[in-house]
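The values are calculated or read from the model by the stated rules, or taken from the named source; none is laboratory data. The structure presented is a predicted model; accordingly, all values stated were derived computationally and were not measured. Neighbour counts run over all protein chains shown; Cβ positions are idealised from the backbone, glycine included.
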Amino acid sequence: MSPAFSICVYCGSRSGLNPAYAAAAAQVGHWIGSHGGQLVYGGGKSGLMGIVADAALQSGACVVGVIPKALVEKEWAHQGCTELYIVDTMHDRKRMMAERADAFLALPGGIGTFEELFEVWTWRQLGYHDKPIGILNVAGYYDRMMEFLASSVKEQFLGDWQMALVRCSDQYKALLEFLVQAGGMAPLASLDQI
């Protein structure tokens, strides 16, 4: 049976300082699995990556991991994935993840998470895809980034329309419902306001 929807989650290979980050990763994975969805992610078993994958698997989701050869040992590829792809390069990884997803969600993470988020956002504004993008702002993690981006709009390097291509929220259920509905995937019973 094919999944009702497929969400690509970008997140840290570390758990971070605040326990709220790990809790949010588990909530997201559980939500995807309990709603009949598929998780696409970077294929690691450590940090938030492992937490979201484990929660999705425990909740019945198909979990698709995509990891480059160079990172298999560093991130310790998650052998429990439903499908695990070991690819040659980061470009191959990001392309496959994007192709397998109906929507994208960034959880807290480091430079890799930022790079993946901004690349898929850039692709969206250039018209390479029209899939929805969300940022889960757990415990205010992304507050300062969003403030900086607002200043980029003020300085006329970004437009309001570009900012509108990404939905940022601290409410994981409402944000996931938005991504599923905006992506034209299986409708849910209700959509909470974000």
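Just a few scattered comments:
- Flag if Asp102 is more than 19 Å from Leu179 (Cα to Cα) and among the acidic types (Asp, Glu): no
- Here the condition is being surrounded by fewer than 19 Cβ atoms within 10 Å (Cβ to Cβ) and modelled with pLDDT of 95 or more; of Gln58, Gln38, it holds for Gln58 alone.
- For segment 41-55, a residue qualifies if it is of a type outside the set (Phe, Trp, Tyr), crowded, with 21+ Cβ neighbours inside 10 Å and closer than 21 Å to Leu117 by Cα, and the qualifying residues are Gly42, Gly43, Gly44, Gly47, Leu48, Met49, Gly50, Ile51, Val52, Ala53.
- Selection count, segment 92-112, where residues are under 20 Å from Ser6 (Cα atoms) and exposed (fewer than 14 other Cβ atoms within 10 Å of the Cβ): 2
- Within segment 51-77, residues that are within 11 Å of Arg93 (Cβ to Cβ) reach partners that are at pLDDT 95 or above and assigned to a helix (DSSP H, G or I) with beta carbons closer than 6 Å, at six or more positions or on different chains, in the pairs Val66/Arg93; Val66/Met96; Val66/Met97; Pro68/Arg93.
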